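Structure, as structure tokens:
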Amino acid sequence: MSLIIAYIGKKGCVMASDKRKVAYFGHKEDRETLEEELYSGVITNDEELYARASELDITLKITDDACKLKDFENVAVGEVSSKGTTETKRKRIYGTTNGFQIVELSGSEITSVKKGDSSIILFGNKITKSLANQILAVKWKNSFSLKYMGELFGSIIEEVAERTPSLGKNYDVLIKQANLTKEESQKYLDDVVERDVKLLAKFRTKLQEDLYQQNEIIKLASTIIDEGSIGKVEVVDDNIIQVKLNSDVRAFDTKWKLLAKPNELVMMFVEDGTASVGDEVVIEDQS
């Protein structure tokens with residue numbers, strides 16, 4: 001859905017990006033139909049997008065607060081991504097003074113790298129790139145300062161957003177300057193890209209671990225006993241008792257740390273009444 005506009009040259013790097021994010025929910029064929037009409041310019045505003053989505057029985061979730069730019073030391077980084085059935089594909093541009101690299105990734109694996117020292121680069125769909133190119137051809141001058149370039153790129157995003165709901169009018173701008181020659185720039189970018197991709201790999205690994213842990217917690221939660229016998233009293237010491245768990249019962253703390261396995265003892269407190277060895281311990285449904 002994005003439009004990212006980047007200038008890279010001897011003055012430095014300027015990068016601007018919209019902040020819109022659109023999620024589609026519905027049948028695959030209908031989603032593809034809607035995307036094709038949107039990206040080709042058939043749909044020209046938010047009202048038409050919602051109306052067409054309704055016709056195709058597609059549910060939309062549109063936000064205008066996504067962050068598609070970041071800075072990594074003296075480098076501006078822009079990313080567009082698409083989620084497939086098994087993997088997320090990313091296309092990133094890394095820019096600094098006198099150098100850029102366009103890196104394509106599948107997951108956190110680099111599949112393609114293109115390098116250069118100066119250019120104006122557009123990331124986007126067919127309609128957003130076409131409209132932005134038309135405006136740039138009329139308004140661009142090499143004499144612009146980096147600050148003015150950022151303002152120009154932002155105004156282009158706003159103007160394109162008036163003609164396609166692919167974009168919202170909110171945008172971010174990053175400006176980066178470094179004292180680097182063309183050769184130094186590529187060496188520096190090589191290092192930045194390597195470190196940034198390693199961070200992505202670590203993030204993905206942590207995310208997978210968190211998802212696995214959540215799934216395990218869900219599985220454990222499904223085994224909670226809210227009614228029935230959990231074991232029998234083995235030891236009585238005043239108001240403290242030890243209960244031997246049944247062969248199909250385990251005990252966990254509130255953070256799902258295993259405290260006792262089946263047939264092991266757990267300690268409990270008896271506030272009211274008395275308990276005797278051999279008594280059955282039962283959980284009653286209080287609903």
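Readers should treat all values here as calculations from the given coordinates under stated rules, not as data from a laboratory. Predicted model only: the values in this text are computed from it and were never measured. Glycine gets a Cβ as well: all are built from the backbone with ideal geometry, and neighbour counts include every protein chain shown.
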Exercise for the section: Given the peptides 42-50, 95-103, arrange them by the average over their residues of other C-beta atoms within 10 Å, most packed first. Expected result: 95-103, 42-50
Completion exercise
Per the C-alpha gyration tensor (a ≥ b ≥ c, the square roots of its eigenvalues), region 14-150 is rounded if a/c is under 1.5, else prolate if a/b beats b/c, else oblate; here it's oblate
Handout entry: Under-5 Å amide H pairs with GLY99, H placed in peptide plane, nonlocal only
Key = GLY9
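Could you sort the peptides 136-148, 234-246, 56-68, 152-164 by per-residue average Cβ neighbour count (10 Å cutoff), highest mean leading? Write out the running numbers ahead of the final one.
Details: 136-148: 10.8, 234-246: 15.5, 56-68: 13.9, 152-164: 20.2.
Descending packing order for the listed peptides: 152-164, 234-246, 56-68, 136-148.
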Handout entry: Whole-Hz couplings from phi, Karplus 6.51/-1.76/1.60, listed for region 11-26; x for Gly and Pro
Key = 6, x, 10, 10, 9, 10, 8, 6, 10, 7, 9, 10, 10, 10, 10, x
Practice task
State whether region 222-275 is rounded, prolate or oblate according to the following rule on the C-alpha gyration tensor (a ≥ b ≥ c being the square roots of its eigenvalues): a/c under 1.5 gives rounded; otherwise a/b larger than b/c gives prolate, and the remaining case gives oblate.
Solution key: prolate
Fill in the blank from the handout: Computed Rg/Rh for region 90-160 (Cα atoms; Rh = Kirkwood radius) stands at 1.01
Fill in the blank from the handout: Residues whose modelled amide H sits under 5 Å from the amide H of PHE252, counting only those 5 or more places away in sequence or on another chain, are LEU259
